[in-house]
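See structure below.
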Amino acid sequence: GSAEGVAEGMLAVVKPGIFLGEVIKVYQHQSQIRTLFSPDWELPVRIGDGKIDSLLVGGFDPVLTLISRKKTVTAGQEVFLAGKKYPYSLLVGAVGERSPDKEKLFGEAPLVLPYALAELQEIFILIP
């Protein structure tokens, strides 16, 4: 919480370099975090070394959307934050197996997390 130096907008990570969410409300000794699992949260991300743009749509099963069909994206490629207010080096996860829906203008793929959600014991807040 605020007594520990936490403020709104700070980032929550699972471990160093692995993004989980953002602090949205701060109390004296507690904070509320919006996570990748919030269905109303959309985040710009980049896929792989080619820095392919995508939009991460949060929810119980986060999905990578708006993937250009002209770009080569394969399962296992790492996904990083790409929003202006977030550091690019933070890992979000990896591309899952893509659905071969040729009728859609853009491709989609599930996000594979680099941790097991059910096994999370603690998270960390990045304090500048």
Seminar exercise, completed: In debye to the nearest 20, the charge dipole size for segment 21-128, taken about the Cα centre with +1 at each Lys and Arg Cβ and -1 at each Asp and Glu Cβ, equals 460
Exercise. How much of the accessible area of segment 27-72, probe 1.4 Å, is carbon plus sulfur, in whole percent?
Worked result: 48
Problem set entry | Among L66, L111, L56: highest mean-square fluctuation, GNM of the chain, C-alpha pairs under 10 Å | L66
Exercise. Where does the chain land on Rg(C-alpha)/(2.2 N^0.38 Å)?
Worked result: 1.10
Seminar exercise, completed: With bins of 5 Å, the percent of all Cα-Cα pairs of segment 56-128 per bin from 0 is 3, 13, 22, 24, 19, 10, 6, 3, 1, 0
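For segment 18-61, what is the Kirkwood estimate of the hydrodynamic radius, computed as the reciprocal of the mean inverse distance between distinct Cα atoms, to one decimal in Å? Each step should come with its number before you reach the end.
Working: mean 1/r = 0.0841 Å⁻¹.
Mean inverse Cα-Cα distance, inverted, gives 11.9 Å.
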Seminar exercise, completed: For the chain, the per residue accessible area (1.4 Å probe, Å²) is 60
Problem set entry | Rounded accessible area of E78 (nearest 10 Å², 1.4 Å probe) | 90
Exercise. Which of Q121, P62, V6 sits farthest toward the positive end of the charge dipole of the chain, with +1 on the Cβ of Lys and Arg and -1 on the Cβ of Asp and Glu?
Worked result: P62
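The values are calculated or read from the model by the stated rules, or taken from the named source; none is laboratory data. Nothing here was measured: the structure is a model prediction, and the numbers come from that model. With ideal geometry, Cβ positions are generated from the backbone for all residues, glycine too; neighbour counts draw on all protein chains shown. Just so you know, the surface numbers come from the protein's heavy atoms only, side chains and all, with ligands and any DNA or RNA stripped out. Shrake-Rupley method; radii C 1.70, N 1.55, O 1.52, S 1.80 Å.
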